[in-house]
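Undergrad: Okay, here's the structure, questions in a sec.
Every number here is computed from the coordinates shown, using simple stated rules; none is lab data. Remember, it's a predicted structure, so these values are computed and weren't measured experimentally. FYI the Cβ positions are ideal-geometry reconstructions off the backbone, even for glycines, and counts take in every protein chain you see.
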Amino acid sequence: MSSAQQAVDHAITSRMSARAFTQQEVTREMITDILDVARRSPSGTNTQPWQVYVLQGASRDSLVDKVCAAHDAIRANPALAEEYREAYDYYPTQWVSPFIDRRRENGWSLYGLLGIGKGDKDKMHLQHQRNYKFFDAPVGLMFTLNRVMGRGSLVDYGMFLQSIMVAARARGLHTCPQAAWNGFSKIILPHIGAGDNEMLVCGMALGWADASDKVNTLVTPREPVESFTHWLA
Ligand SMILES: Cc1cc2nc3c(=O)[nH]c(=O)nc-3n(C[C@H](O)[C@H](O)[C@H](O)COP(=O)(O)O)c2cc1C
């Protein structure tokens, strides 16, 4: 196997969603380098529909405070959830098998690892809220898309996001892509200074994974190639 093949395969297969990070700094140069690689991602007719907001220090911390407060307020008064809307349906409104089964397995293996039982709503709330702290990562990324763009731009966006995550791995960094932020766009968009024409695609935590935290030992399963590949003669 060539070293290029090894390096690329390793960067892709060693990516996992890290949910605990150390406080070790990620330099601006590293972030710029990662985005410089990711900007080579393909997009339909080279539209390059991405806008990236990098939050560190005070901008990161104050967003965390605002969204955690909103998340707590919704818990105290679930009717408030009505005020928060995602710009697009990331998940289906009606779940069917096998997707719902995989989703459930994913949730319960995470909670099981952390010793959170089915009825433990307090612990679930706190664990879910770790999203709104970027899992303690020193860098939070927010991704927006101009609202005039079509659904195809979300396909482009997926490639851009994966390029960021893979380029981060090549530098020893880890990420967690986060749709959990999407419902809070009415707080996030003004906070980051996004224009009225922008919608929030998702957020992402970026930093050095905390290897001592068991949450990062979660290994998620994948279906084998033959289960999703249809060979036509
Ligand atoms: C677009 C996108 C959004 C996601 N949003 C979240 C999220 O909000 N919080 C979270 O903990 N994980 C989130 N994930 C991570 C998935 O749960 C994870 O990718 C999946 O379980 C497979 O695990 P792995 O990334 O460790 O391989 C997201 C993944 C993607 C691709």
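Undergrad: Going out from 0 in 10 Å bins, what whole percent of all Cα-Cα distances in the stretch 103-174 drops into each bin?
TA: With 10 Å bins starting at 0, P(r) equals 15, 30, 35, 19, 1.
Undergrad: Next question, about the same structure. Placing unit charges on C-beta atoms (Lys and Arg positive, Asp and Glu negative, everything else neutral), compute the dipole magnitude of the chain about its Cα centre in debye, rounded to 20. Intermediate results must be reported in sequence, preceding the final value.
TA: Details: 24 positive and 24 negative charges, 39 e Å.
So the dipole magnitude of the chain works out to roughly 180 debye.
Undergrad: Can you tell me the dipole magnitude for the stretch 121-161 around its Cα centre, using point charges on the Cβ only (Lys, Arg +1; Asp, Glu -1), in Debye to the nearest 20? It would help to have the intermediate numbers written out before the result.
TA: Working: 6 positive and 3 negative charges, 35 e Å.
Result for the stretch 121-161 is approximately 180 debye, rounded to the nearest 20.
Undergrad: Quick check on the exposure proxy: order Cys176, Cys68, Cys202 from fewest to most C-beta atoms within 10 angstrom.
TA: Cys68, Cys202, Cys176
Undergrad: Further question on the same structure: Can you give me the distance in nm between label points at Asn197 and Lys118, each placed 7 Å from the Cα along the Cα-to-Cβ direction?
TA: Simple spin-label model gives 5.0 nm for this pair.
Undergrad: Normalised by the empirical 2.2 N^0.38 Å for globular proteins, what value does the Cα Rg of the chain take? Working shown, then result.
TA: Values: Rg = 18.3 Å, N = 233, 2.2 N^0.38 = 17.5 Å.
Dividing the Cα radius of gyration by 2.2 N^0.38 Å gives 1.05.
Undergrad: Putting +1 on Lys and Arg Cβ atoms and -1 on Asp and Glu Cβ atoms, find which of Leu63, Ser2, Asn106 reaches farthest to the positive end of the dipole of the stretch 1-138.
TA: Asn106
Undergrad: Okay, helix-only estimate at 222 nm for the chain: each DSSP H run of n ≥ 4 adds -39500 (n - 2.57), divide by all residues, round to 500 deg cm²/dmol; what do you get?
TA: Only helices count here, giving -13000 deg cm²/dmol.
Undergrad: Next question. How many lysine pairs in the chain, separated by 8 or more positions in sequence or lying on different chains, have Cα atoms less than 22 Å apart?
TA: 11
Undergrad: Subtracting the Cα-Cα distance from 0.36 nm times the residue separation, let me have the gained length for Ser109 to Arg151 in nm, one decimal.
TA: Answer, rounded to one decimal: 12.0 nm.
Undergrad: With r as the distance between the Cβ atoms of Glu83 and Val219 and R0 = 25 Å, compute the FRET efficiency 1/(1 + (r/R0)^6) and round to 0.05.
TA: It comes out at approximately 0.10.
Undergrad: Can you pull out the trypsin sites (Lys or Arg not before Pro) in the stretch 17-72 whose DSSP state is coil and whose Cβ has at most 12 other Cβ atoms within 10 Å?
TA: Taking the stretch 17-72 and a limit of 12 other Cβ atoms within 10 Å, the loop trypsin sites (Lys or Arg not before Pro) found are Arg40.
Undergrad: When the Debye formula is applied to the Cα atoms of the stretch 40-167, each taken as the same point scatterer, what base-10 log of I(q)/I(0) results at q = 0.10, 0.16, 0.19 Å⁻¹?
TA: So the normalised log intensities work out to -0.46, -1.20, -1.43.
Undergrad: Quick one: P(r) of the stretch 1-106 from all Cα-Cα pairs, 5 Å bins, percents rounded to integers, in order of increasing distance.
TA: 2, 7, 8, 12, 17, 18, 18, 11, 4, 1, 1, 0
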